[in-house]
Each structure stands twice: as structure tokens, then as C-alpha cells.
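Structure record follows, encoded as C-alpha cells.
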Amino acid sequence: MNDQLNRRRFLKMAGLGGVGITSGTFNNLVARSNPAGQLKEELDVTNQRVDWNLFDANCMLGRHLKLGPDELHTADDLLSEMDHYGISEALVIDSLSRENHPFDGNLRILEKAKTNPRLHKAWSALPSLFEETGKSPEKFVQEMEANNIRALFLFPNQYFFNLSDWCIDKLIEPFANRRIPVFINPTEANGRGSSDATDWHGVVDLCKRWPNLPVIISEGRIRRSQRLLYKAFDSCPNLHLELSAYWLHRGIEYITEQWGSDRLLFGSGWPKYGQHMTLVNLTTAQISDADKKRIAGGNLRKLLGWNSPLPKIQVNFPNPQDEFVEYGCTGIRAKNMTFYDVHGHLGEYNAHYHVPNSKINKIVEDLNYYGIEKVCAFSFSGVYSDEKFGNDIVSDSVLTNPDRFIGFTLLNPLRGKEDMIKELTRGDKMGLRGIKLIPTYQGYPVDGELIDVACQWAHDHNQIIINHFWGSADQMEKLLSKYTNACFVTAHTTISYADVMKKYPNLYICSVPLLTPRACEEVVKLIGADRFLFGTDLLDLPIGWDLGPILFARISVEEKRLILKENLKRILLKYSLK
């Protein structure tokens with residue numbers, strides 16, 4: 001019965017009727033939609049949802065330090081979000097355990113999460129447990145068992161301890177003996193250590209000292225440190241990664257291929273991050289459905305079952321509100337659902353961190369898989385090194401794929417006016433049709449006078465010019481009023497120019513990244529869907545990760561279509577034509 005329902009849903013999404021479609025034809029259609037070659041035969045469907053057995057490994061409840069007015073933070077807020085995304089269960093810790101003192105939060109989470117079986121409680125602890133509470137680590141674990149607490153979170157930088165044997169082993173011993181999963185997060189509540197902060201030497205030593213202890217890394221963002229992650233995976237079979245921190249193009253696919261899907265856990269970092277990003281990154285990943293189900297919830301459920309099996313809770317979810325939500329939930333894209341991308345980087349090796357699957361032919365395959373028709377593309381190397389080297393790579397990619405990429409000349413104002421104009425002229429001769437600026441990374445002032453050199457060129461040639469950060473609203477207005485024939489784009493989401501945009505029609509905002517749960521809705525409310533452009537930050541970020549916040553946004557279908565394709569399609573008919 002489930003197979004038949006899946007088949008009918010797929011054909012409907014693909015715009016096909018069921019008449020005359022044989023099983024062989026259907027299998028070919030699904031295989032083209034899912035290059036991993038996996039049919040959906042093992043999936044259960046409830047209320048037209050694919051049941052991935054989603055279990056969020058990283059959520060926090062309570063009034064946390066960075067909470068703003070009317071922002072989500074309660075158990076009811078979380079459950080409402082989970083219903084929207086089709087997430088069955090979540091592991092939750094209290095903000096006091098994360099930020100103030102584990103003793104306070106551990107008590108409060110018992111009350112906050114007691115009324116709904118979909119929320120599974122987690123505690124935190126300190127190496128100085130006995131000195132501060134009078135409890136031995138063994139007694140603490142016994143209390144966990146008595147209160148059905150299934151996991152422990154450690155925040156070494158927040159509470160200023162480390163993972164060395166002399167500091168933590170007395171605490172860890174009863175956890176290792178019972179195989180209780182331990183999450184390690186290095187990010188401080190005030191935001192310090194938000195990226196690449198894991199003590200990998202300490203983590204590897206801990207895993208080797210306690211080989212039966214399941215250790216899960218849960219960070220703010222893993223980017224430049226991913227090579228250390230690879231080596232840690234090589235050394236430690238008991239090491240796992242919670243995915244909210246892993247914003248890397250094809251990262252899920254790479255780790256699954258190299259070390260196995262059992263190393264990965266679906267988690268969101270809610271409410272700091274929305275659940276949409278990691279969810280769509282997973283549902284659209286080019287891995288088998290069996291691997292997806294393990295990552296989505298199977299791996300976590302197995303780890304949390306250290307003292308008794310954790311039965312799955314059946315949830316009847318609301319129907320998806322539109323075809324975009326359906327795509328986000330299932331990972332199956334209707335053939336006529338396609339996108340335009342205003343923000344992409346190219347280069348196989350010209351990035352200072354590892355980018356899997358970055359050869360140009362592989363990138364085109366990924367674009368085809370995700371239905372991305374056009375990409376405004378610029379280089380990686382010009383961000384941190386030689387922009388001419390990168391511009392050559394972009395030009396070559398445009399020449400071999402002229403219908404797919406709109407190439408941009410990346411500039412470095414530190415070179416001076418004459419060199420900037422020379423590179424713009426060279427880029428024009430190579431077929432590059434727009435300008436990319438990133439002075440923030442290069443060490444040049446965002447309001448420096450040489451920014452005008454690029455803007456003047458864009459004005460004179462009727463081009464799109466995209467900048468990582470344009471500076472203050474006053475600076476933005478000065479440029480908009482002076483260079484009226486240029487199309488200005490901010491490379492990353494901001495609402496700082498909302499008032500300026502009301503006066504000038506030639507400024508657009510790129511959608512990457514939309515980190516918080518309702519970020520897309522907030523931006524659309526302030527600037528309008530018609531001024532918002534979908535961007536992936538390819539190959540830096542995963543395509544599915546960037547699609548998620550827009551696919552699941554609580555806005556109209558028409559607004560989603562504008563953002564995901566129609567706005568940039570319209571702009572390209574007016575700007576950067578040659």
C-alpha cells in the first residue's frame with residue numbers, strides 16, 4: 001500500500017498522470033530524480049509525509065542569553081516547529097544548563113519537558129560535580145536513569161574546563177561504563193568560539209581513553225577545521241558528528257562515503273538555528289534512503305537506548321502547505337521546480353578548506369540534481385589570495401557552460417585603481433558580465449574610495465555588482481543614488497537597508513544565510529519578496545541547506561517563486577546582458 005501511495009505522489013509531483021506509466025518507467029523517473037538510485041519503497045507515509053524517523057539531536061529550551069523579543073524558546077514553540085517540518089522527536093537541554101549552571105538547568109528541564117513524550121530530556125555536568133553538589137559521578141548517573149535522562153552535554157569553554165584525563169575522567173567513567181552518549185560543544189553562550197573551536201586533540205584522546213563512550217561533536221560551525229575532523233574519524237570509531245555545525249557542500253555525502261552514515265546525527269541547534277537548513281540538506285542529500293533514515297533518527301535512537309530501547313513515537317503531521325514544503329520534506333523535486341542562484345563560488349582546489357565534488361563537471365551534475373538553471377559565479381581564490389587566478393577559472397567555467405554560469409570579475413581594491421580597471425577590462429574580454437567585491441575579507445575599508453571604481457564600471461556597463469558587505473545605510477544610499485544604472489546586491493542577508501530600499505529600486509538582498517527559525521519571513525516582511533534573491537554560496541555551503549529556509553517559509557507560493565527564480569530571471573533581462 002505504501003509503495004502505491006509513494007508512486008502516486010511522485011507522479012503527481014512530476015506533473016504526470018498515472019495512466020500508461022509502467023513500473024519500469026516509474027523506476028526510471030525516480031532514478032533520474034534521485035541519482036543515488038534509491039526508490040522510496042522502505043518509507044512510510046503518514047498524511048502525505050515521508051517518514052524519515054526524524055529525531056533532532058540538539059535543541060534548547062528556555063530564556064537564553066541571546067533571546068530577543070517574541071523569539072521562539074518554549075516547548076510549545078519547538079513542538080509547533082517540529083510539526084511544520086515533520087520532525088517526530090527532539091533531544092532537549094535547558095538554557096540554564098547550557099549557560100548558567102548545569103544544576104539549575106537540569107532541574108528545570110524536568111519540568112519543561114515532562115508533558116510531551118516527543119521531547120527527550122538531556123542534562124549537563126561539570127568535572128567539579130562532587131565539589132559543587134556533593135554528588136559522585138556514579139550517583140549523578142543513577143539520577144539520570146531515575147529521571148529517564150538519555151544523554152549528557154558538556155560545554156568545556158562555557159565552564160572553563162578541558163578534556164584531559166586529570167580533569168574529566170573521574171566524571172566520564174560511569175558514562176563510559178554504560179555507553180551513555182556525551183555531546184561536546186565548545187561554543188560559549190556569548191558567541192565566542194562560534195566556529196572551528198573544538199579541541200580535536202582533547203576529543204581524540206578522550207575517545208581513545210574511553211573507546212566504549214559514544215562521543216558526539218556539536219559545534220557552532222565546522223569549516224576550516226574539517227581536515228581535523230577527518231583525521232579524528234580515522235582515529236576514533238566511537239566519534240560522531242551532529243550536523244547543525246557542518247555547513248559544507250556535499251559534506252553529508254562525503255562523510256557517508258568515507259566513514260559511514262552511522263557517524264552522523266541530524267540536529268538543528270534550535271532555536272539559534274532553524275531546523276529547515278539541516279533538514280533539507282539531509283532530505284536532498286545524494287545518499288541512499290537507508291542512510292538518510294539512519295542519520296535522520298536511527299543513529300540517535302540507537303545511542304539513546306543505552307539502558308532500555310527507545311520506542312518510536314508515531315506522529316500524525318499536518319499536510320505540507322505547498323509543493324515547496326513537500327520537496328523539503330521528501331527530498332523529491334518536481335521536474336518543473338527550478339531555481340536561479342545569485343551567489344556561487346567556483347574552483348576545484350582554490351579554497352583554503354576541503355570542498356568535496358568540486359570539479360566543474362561534478363558541480364554541473366549537482367546543479368542539475370537540484371534544478372538550478374543559472375548561477376552568478378565568482379572565484380574562491382580571490383577572497384583570500386590571487387583574484388586573477390580565480391577569474392581565469394570562472395572564465396573557463398563560463399566558456400564550457402555558457403548557459404549555466406554568469407561569470408563575475410572578482411576585484412581586490414588593495415591593488416589600486418589602475419589594476420582594478422585593467423582586471424575589469426580583462427574580465428570583460430573573457431566574457432565575465434558582473435562584479436564581485438569582498439573587501440571585508442581582503443582588509444580594505446568597505447567605504448574606501450576605490451569601491452567607487454567598481455561601482456562606476458557597473459554603472460557604465462549596466463552590470464550587477466555584488467558585495468559581501470556594503471557598509472552603513474548611508475554608504476549604501478550614497479552609492480545607489482550615484483550609480484543608478486548598476487544593480488546592487490548584498491551577498492548576505494541583511495535588513496539594514498530596508499528603509500533605503502524603499503527609495504531605490506536597484507538594490508537587492510541575497511538570501512544566504514537565513515539562520516534563525518523565521519528569518520526568511522522576517523526579511524520578506526521588511527523588504528518584500530520581490531527584492532529578495534536566492535543564493536547558495538556554492539561551493540562553500542550545501543545547496544539543500546540554503547534552500548531549506550525558503551522552501552519551509554510561512555509565505556505564499558508566489559513569494560517563494562519570486563525569491564527562488566523569478567526575481568533574478570527578471571534582473572538578468574535588464575543587467576549584465578553581454
Before we move on, is residue 271 more than 20 Å from the chain's Cα centre (by Cα) and not acidic (Asp, Glu)?
no
Just to check your reading of the model, which residue among 89, 42 is at pLDDT below 95 and of a type in the set (Asp, Glu)?
42
Cβ-Cβ under 7 Å pairs, at least 6 apart or on other chains, segment 211-226 side within 13 Å of residue 58 (Cβ to Cβ) and touching a residue at least 60 places away in the same chain (Cβ under 8 Å), far side in a loop (DSSP other than H, G, I, E, B) and open to solvent by 10 Å² or more (accessible area, probe 1.4 Å):
218/185
Tell me, please, whether a residue that is outside any loop (DSSP other than H, G, I, E, B), in contact (Cβ under 8 Å) with a residue 60 or more places away in the chain and surrounded by fewer than 16 Cβ atoms within 10 Å (Cβ to Cβ) can be found in segment 175-188.
yes
Which listed residue is in contact with a Ser or Thr (Cβ under 6 Å, 6 or more places away or on another chain) and more than 16 Å from residue 539 (Cβ to Cβ), from 225, 244, 235, 218:
244
Failed item in (1) crowded, with 22+ Cβ neighbours inside 10 Å; (2) without any contact (Cβ under 8 Å) to a residue 12 or more places away in the chain, with residue 134 passing the rest:
(1)
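Conditions tested, residue by residue: (1) in a loop (DSSP other than H, G, I, E, B); (2) surrounded by fewer than 16 Cβ atoms within 10 Å (Cβ to Cβ); (3) not aliphatic (A, V, I, L, M).
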residue	(1), (2), (3)
477	no, no, yes
480	no, no, no
484	yes, yes, yes
495	yes, yes, no
499	no, yes, yes
503	yes, yes, yes
512	yes, no, no
516	yes, no, yes
Can you find a residue that is β-branched (Val, Ile, Thr) and part of a loop (DSSP other than H, G, I, E, B) anywhere in segment 131-139?
no
From 155, 233, grab the single residue that is closer than 25 Å to residue 95 by Cα and of a type in the set (A, V, I, L, M, F, W, C).
155
Can you tell me which residues in segment 210-220 are within 15 Å of residue 265 (Cα to Cα) and open to solvent by 10 Å² or more (accessible area, probe 1.4 Å)?
214
Residue identified as open to solvent by 50 Å² or more (accessible area, probe 1.4 Å) and either within 25 Å of residue 370 (Cβ to Cβ) or in a helix (DSSP H, G or I) (or both) among 276, 249, 201:
201
Quick one: in segment 294-311, which of the residues that are assigned to a loop (DSSP other than H, G, I, E, B) and at pLDDT 90 or above is most open to solvent (accessible area, probe 1.4 Å)?
309
Looking at (1) closer than 28 Å to residue 205 by Cβ; (2) open to solvent by less than 10 Å² (accessible area, probe 1.4 Å), which is the only condition residue 262 fails?
(2)
Could you check residue 560 against (1) of a type in the set (D, E, K, R); (2) within 23 Å of residue 285 (Cα to Cα); (3) surrounded by fewer than 22 Cβ atoms within 10 Å (Cβ to Cβ); (4) modelled with pLDDT of 95 or more and say which number it fails?
(3)
Has segment 392-399 got any residue that is closer than 30 Å to residue 56 by Cα and of a type outside the set (Lys, Arg)?
no
Identify, please: which residue in segment 364-386 is under 21 Å from the mean Cα position of the chain (by Cα) and part of a loop (DSSP other than H, G, I, E, B) and is, among those, nearest to residue 511 (Cα to Cα)?
371
Across segment 529-541, which residue is modelled with the highest pLDDT among those that are in a loop (DSSP other than H, G, I, E, B) and either among the hydrophobic types (A, V, I, L, M, F, W, C) or open to solvent by 20 Å² or more (accessible area, probe 1.4 Å) (or both)?
534
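Listed here are the residues, each with its yes/no results for (1) over 23 Å from residue 577 (Cα atoms); (2) open to solvent by 10 Å² or more (accessible area, probe 1.4 Å).
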site: 365; (1), (2): yes, yes
site: 369; (1), (2): yes, yes
site: 427; (1), (2): no, no
site: 449; (1), (2): yes, yes
site: 456; (1), (2): no, yes
Would you call residue 155 among the aromatic types (Phe, Trp, Tyr), touching a residue at least 24 places away in the same chain (Cβ under 8 Å) and surrounded by fewer than 23 Cβ atoms within 10 Å (Cβ to Cβ)?
no
Kindly indicate the residue of segment 55-114 that is in contact (Cβ under 8 Å) with a residue 60 or more places away in the chain, part of a helix (DSSP H, G or I) and of a type in the set (Asp, Glu) and also least open to solvent (accessible area, probe 1.4 Å) among those meeting that condition.
81
Is one or more of the residues making up segment 158-172 within 22 Å of residue 544 (Cβ to Cβ), in a loop (DSSP other than H, G, I, E, B) and open to solvent by 30 Å² or more (accessible area, probe 1.4 Å)?
no
Matching residues in segment 204-224 - criterion: being part of a loop (DSSP other than H, G, I, E, B), under 27 Å from residue 100 (Cβ atoms) and either under 18 Å from the mean Cα position of the chain (by Cα) or of a type in the set (Asp, Glu) (or both)
218, 219, 220, 221, 222
Restricting to segment 137-152, and then to whatever is touching a residue at least 24 places away in the same chain (Cβ under 8 Å) and of a type in the set (S, T, N, Q), can you tell me which residue is surrounded by the most Cβ atoms within 10 Å (Cβ to Cβ)?
147
Collect the residues in segment 380-398 that are free of Cβ contacts under 8 Å to residues at least 40 places away in the same chain, open to solvent by less than 20 Å² (accessible area, probe 1.4 Å) and of a type in the set (Ser, Thr, Tyr), keeping them in residue-number order.
381, 395
Among the candidates 401, 357, 368, single out the residue that is without any contact (Cβ under 8 Å) to a residue 12 or more places away in the chain and of a type in the set (S, T, N, Q).
368
Within segment 312-336, track down each residue that is of a type outside the set (Val, Ile, Thr) and assigned to a helix (DSSP H, G or I).
323, 324, 326, 327, 328, 329
How many residues are assigned to a helix (DSSP H, G or I) and open to solvent by less than 50 Å² (accessible area, probe 1.4 Å) when one looks only at segment 400-424?
5
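The values are calculated or read from the model by the stated rules, or taken from the named source; none is laboratory data. Since the structure is predicted, the reported quantities are computational estimates derived from the model, not experimental observations. Glycine gets a Cβ as well: all are built from the backbone with ideal geometry, and neighbour counts include every protein chain shown. In case anyone asks, the SASA skips ligands and DNA or RNA and just uses the protein heavy atoms, side chains included. Shrake-Rupley method; radii C 1.70, N 1.55, O 1.52, S 1.80 Å.
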